[in-house]
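Participant: Here it is, the structure in full.
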Amino acid sequence: MISLTKPGLLTSVQDLGRYGFQKYGVITSGVMDQLAHRTSNLLVGNEENEATIELTLLGPVIDFEEDKLISICGGNLSPSINGEPVRLWRPILVKEGSQLRFGQCISGCRAYLAIAGGIGVPNVMDSKSTYLRAGLGGFKGRALNVGDKLETKPINDVSARMIDELSKCSGDENFAEADWSVASDLFPSYEKIPSIRVMKGRQYHLFSKESQDTFFSQPFEITPQSDRMGYRLKGPSLSLEEASEMLSEAVNFGTIQVPSDGNPIVLLADRQTTGGYPKIGQIATVDLPLMAQLKPGDLVRFVEVSHEEAQHLYLEREMKIQQLMQGILLKLR
Amino acid sequence: MHPLGDNAVIIEVGEEMNIESQKNVEILCSFFDTQPFDWIIEYIPAFTTVAVFYDPVKIQKKHKSDFLKFPYDYACDALNKILVELQLNETTEPRIVEIPVCYGGELGPDIEHVASYNGITTKEVMDIHSKGDYLVHMIGFAPGFPYIGGMSDKIATPRRTSPRLKIPAGTVGIAGKQTGVYPIETPGGWQLIGRTPIKLFLPNEATPSLLKAGDKIKFTPISNERYKELEEEG
């Protein structure tokens with residue numbers, strides 16, 4: 001069991017999302033950065049869809065009441081165990097009685113804490129993700145708070161073997177980090193002004209020529225009115241060639257829509273299922289993890305990618321994750 | 001057919017929001033409910049479209065021989081075949097769902113505003129609202145939230161200038177020419193004219209939404225006492 005001594009800014013239990021219920025208006029929820037979440041799970045021997053804990057900007061303080069195999073992936077929120085810094089993107093064996101803390105946010109803005117076995121919360125509509133607004137799923141349907149105690153589920157053979165390996169080198173220390181980590185070509189480097197690849201949206205052609213050019217050339221800033229539902233951006237105003245009303249239709253993770261005030265909104269994990277604003281673009285799935293790590297004040301640039309290229313990049317990324325899975329198993333031979 | 005990113009496609013089955021488009025959406029949804037393809041993750045119906053979310057990796061693995069085809073093209077081809085086979089523009093009888101509403105009072109604090117805005121009495125607001133012929137065009141925006149068409153212009157009222165922070169679940173409201181029922185507590189600028197004790201969002205049911213696109217709605221006025229009874233029955 002682990003318990004929270006401090007909750008952090010927004011700490012919630014999430015998995016890859018709730019699918020199959022969007023037709024009823026039930027949003028998917030789920031992690032913002034799927035790559036970091038999946039990797040953190042794989043690094044402790046979990047299935048990639050196990051529930052992890054998503055931490056935002058200011059991390060929590062977590063007490064370990066038992067030995068646990070963990071990994072932390074995503075943004076660097078300066079994790080430390082009993083005062084000693086620990087590294088991201090690798091398995092760590094944490095001993096009973098230790099305390100995990102987070103400090104300054106050095107890069108990105110969200111980190112994922114995976115624990116071997118996965119966080120033990122019930123499935124609600126086939127998912128463990130917290131749907132904050134409807135108060136369902138995750139841990140009691142809400143963000144984690146002081147005093148919350150989380151159980152983890154029984155571990156599998158892979159996790160058990162990792163724990164064995166790490167126990168050998170831990171000695172009397174409070175924790176033991178693996179001497180290997182994920183290859184750096186898999187996880188993104190969180191640049192100052194990232195270039196995010198975007199496909200033209202379904203209503204792209206309705207925007208004025210000037211807006212079309214601006215969208216793919218000027219930087220936009222993430223405003224403080226940004227959350228898990230969507231990022232509101234500030235920058236050059238975008239407008240349609242002529243005002244027109246459209247009917248609401250489905251939106252997707254990474255859809256960029258433009259309300260009549262001209263400021264684009266990027267829809268993210270807690271997006272509504274449908275929307276009625278014109279869609280100027282759609283972020284390529286492979287670049288969503290980069291987008292999800294941006295915080296208010298950060299700048300972003302959009303560069304055009306064809307629809308086929310985006311799909312090609314996606315298939316390539318999935319192959320790399322497969323290779324990571326096999327690589328981890330090889331380590332344990 | 002139009003891509004919605006690298007893992008979804010929007011199928012357009014009509015140009016305007018009308019009963020024909022709605023029927024076509026419904027026929028397509030019933031077909032997808034039979035889970036015809038394992039590469040389809042889920043779908044989202046709207047007024048004139050159905051968006052299909054698919055797994056490009058599954059398509060690629062299944063059809064290695066078609067390596068020249070992108071998963072998107074494969075998905076479109078398969079869906080196009082279906083559109084040809086399905087008998088769109090066929091009509092079926094809609095389901096009628098009765099929604100009891102306690103109008104006015106504490107549960108509908110804006111009914112007087114709606115009445116005075118339209119120069120009628122609150123009783124007339126209730127009569128006009130409960131006698132309307134309503135069609136659920138789609139579910140979206142919030143879990144189980146119906147986009148309802150068919151409200152009379154005689155009770156149309158603009159949204160409040162400053163939204164309320166909390167509108168309780170079950171509240172029946174008017175915003176412009178639309179009427180709707182809130183399935184969960186949310187902020188909003190709608191004019192609140194009443195409340196229903198029945199639940200539109202059923203998180204523990206296999207079908208978590210009381211309503212579905214294509215349903216007809218009948219709002220039935222009930223008294224405050226009846227409201228409380230029904231609320232206690234759950």
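The values are calculated or read from the model by the stated rules, or taken from the named source; none is laboratory data. Everything numeric in this text was worked out from a predicted model, so none of it was measured. Note that each Cβ is placed from the backbone with ideal geometry, even for glycine, and that neighbours are counted across all protein chains shown.
Participant: Would it be correct to say that residue A:80 is under 15 Å from residue A:55 (Cβ atoms) and among the small types (Gly, Ala, Ser)?
Facilitator: Judged against the criteria, residue A:80 is a match.
Participant: Now for a separate question. From the list A:108, A:118, A:138, exactly one residue is surrounded by 15 or more Cβ atoms within 10 Å (Cβ to Cβ), within 14 Å of chain B (Cβ to nearest Cβ) and either touching a strand residue (DSSP E or B) at 6+ places or on another chain (Cβ under 7 Å) or under 20 Å from residue A:76 (Cα atoms) (or both). Which is it?
Facilitator: A:138
Participant: Could I ask something else about it? Could you list, ordered by first residue, the pairs with Cβ atoms under 7 Å in which the first is in the range B:47-59 and more than 7 Å from every other protein chain (Cβ to nearest Cβ) and the second is among the small types (Gly, Ala, Ser) and in a helix (DSSP H, G or I), at least 6 apart or interchain?
Facilitator: Here the result reads B:54/B:75; B:59/B:75, each pair linking the range B:47-59 to a residue that is among the small types (Gly, Ala, Ser) and in a helix (DSSP H, G or I).
Participant: Return the pair list, or none, for Cβ contacts closer than 9 Å from residues in the range B:1-12 that are free of Cβ contacts under 8 Å to residues at least 24 places away in the same chain and at the interface with another protein chain (Cβ under 7 Å from one of its Cβ atoms) to residues that are surrounded by 18 or more Cβ atoms within 10 Å (Cβ to Cβ) and assigned to a strand (DSSP E or B), at least 6 apart or on different chains.
Facilitator: The qualifying pairs are B:2/B:9; B:2/B:10; B:2/B:11; B:2/B:49; B:5/A:199; B:5/A:255; B:5/A:282; B:5/A:283.
Participant: Residue A:258 - would you say it is surrounded by fewer than 20 Cβ atoms within 10 Å (Cβ to Cβ), of a type in the set (Val, Ile, Thr) and more than 14 Å from chain B (Cβ to nearest Cβ)?
Facilitator: So residue A:258 fails the test.
Participant: Looking at this structure, is residue B:41 within 11 Å of chain A (Cβ to nearest Cβ) and either within 25 Å of residue B:217 (Cβ to Cβ) or part of a helix (DSSP H, G or I) (or both)?
Facilitator: no
Participant: Right, something else. Within the range A:117-130, identify whether any single residue is charged (D, E, K, R) and in contact (Cβ under 8 Å) with a residue 40 or more places away in the chain, and answer yes or no.
Facilitator: Yes, the conditions are met somewhere in the range A:117-130.
Participant: Further question: Please find, among B:97, B:52, the residue that is of a type in the set (Val, Ile, Thr) and crowded, with 21+ Cβ neighbours inside 10 Å.
Facilitator: Details: B:97 fails: crowded, with 21+ Cβ neighbours inside 10 Å.
Criteria check complete, one pass: B:52.
Participant: Something else: Which of the following residues is closer than 30 Å to residue B:190 by Cα, in the same structural domain as residue B:6 (by TED's automatic domain parsing) and modelled with pLDDT of 95 or more: B:117, B:103, B:54, B:43? Let's see the steps before the verdict.
Facilitator: Details: B:117 fails: in the same structural domain as residue B:6 (by TED's automatic domain parsing); B:103 fails: in the same structural domain as residue B:6 (by TED's automatic domain parsing); B:54 fails: closer than 30 Å to residue B:190 by Cα.
The unique qualifying residue is B:43.
Participant: Take the residues of the range B:188-200 that are more than 12 Å from residue B:160 (Cα to Cα) and surrounded by fewer than 23 Cβ atoms within 10 Å (Cβ to Cβ): which is farthest from the chain's Cα centre (by Cα)?
Facilitator: The residue in question is B:197.
Participant: Against the condition touching a residue at least 24 places away in the same chain (Cβ under 8 Å), outside any loop (DSSP other than H, G, I, E, B) and not aliphatic (A, V, I, L, M), how does residue A:173 come out, does it pass?
Facilitator: So residue A:173 fails the test.
Okay, residues lined up against (1) modelled with pLDDT under 95; (2) of a type in the set (Gly, Ala, Ser); (3) outside the structural domain of residue A:271 (by TED's automatic domain parsing); (4) under 16 Å from the mean Cα position of the chain (by Cα):
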| position | (1), (2), (3), (4) |
| --- | --- |
| A:84 | no, no, yes, no |
| A:103 | no, yes, yes, no |
| A:110 | no, no, yes, yes |
| A:116 | no, yes, yes, no |
| A:120 | no, yes, yes, no |
| A:124 | no, no, yes, no |
| A:129 | no, yes, yes, yes |
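Participant: Quick check: anything in the range B:146-165 within 14 Å of chain A (Cβ to nearest Cβ), on the phi < 0 side of the Ramachandran plot and surrounded by fewer than 15 Cβ atoms within 10 Å (Cβ to Cβ)? Steps first, answer last, please.
Facilitator: Start the filter on the range B:146-165 by keeping residues that are within 14 Å of chain A (Cβ to nearest Cβ), which leaves B:146-149, B:165.
Filter once more, so that each one left must be on the phi < 0 side of the Ramachandran plot: B:146-149, B:165.
Restricting the remaining residues to those that are surrounded by fewer than 15 Cβ atoms within 10 Å (Cβ to Cβ) gives B:165.
Yes: the range B:146-165 contains one or more residues that are within 14 Å of chain A (Cβ to nearest Cβ), on the phi < 0 side of the Ramachandran plot and surrounded by fewer than 15 Cβ atoms within 10 Å (Cβ to Cβ).
Conditions (1) buried (at least 18 other Cβ atoms within 10 Å of the Cβ); (2) in a helix (DSSP H, G or I); (3) of a type in the set (A, V, I, L, M, F, W, C), marked per residue:
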site: A:277; (1), (2), (3): yes, no, no
site: A:300; (1), (2), (3): yes, no, yes
site: A:308; (1), (2), (3): no, yes, no
site: A:320; (1), (2), (3): no, yes, no
site: A:323; (1), (2), (3): no, yes, no
site: A:330; (1), (2), (3): no, yes, yes
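Participant: I've got another one for you. So residue B:17 fits all but one of (1) free of Cβ contacts under 8 Å to residues at least 60 places away in the same chain; (2) at the interface with chain A (Cβ under 9 Å from one of its Cβ atoms); (3) surrounded by fewer than 20 Cβ atoms within 10 Å (Cβ to Cβ); (4) not in a strand (DSSP E or B); what number is the exception?
Facilitator: Unmet for residue B:17, out of (1) free of Cβ contacts under 8 Å to residues at least 60 places away in the same chain; (2) at the interface with chain A (Cβ under 9 Å from one of its Cβ atoms); (3) surrounded by fewer than 20 Cβ atoms within 10 Å (Cβ to Cβ); (4) not in a strand (DSSP E or B): (1).
Participant: Could you say which residue among A:53, A:70, A:27, A:62 is part of a strand (DSSP E or B) and closer than 30 Å to residue B:53 by Cβ?
Facilitator: Details: A:70 fails: closer than 30 Å to residue B:53 by Cβ; A:27 fails: part of a strand (DSSP E or B); A:62 fails: closer than 30 Å to residue B:53 by Cβ.
Unique residue meeting the criteria: A:53.
Participant: Does the range B:127-137 contain any residue that is within 14 Å of chain A (Cβ to nearest Cβ) and within 15 Å of the chain's Cα centre (by Cα)? Break it down into steps so the answer makes sense when it comes.
Facilitator: As a first pass, look at the range B:127-137 and keep what is within 14 Å of chain A (Cβ to nearest Cβ): B:136-137.
In the following step, the residues that additionally are within 15 Å of the chain's Cα centre (by Cα) were identified as B:136-137.
Within the range B:127-137, one or more residues are within 14 Å of chain A (Cβ to nearest Cβ) and within 15 Å of the chain's Cα centre (by Cα).
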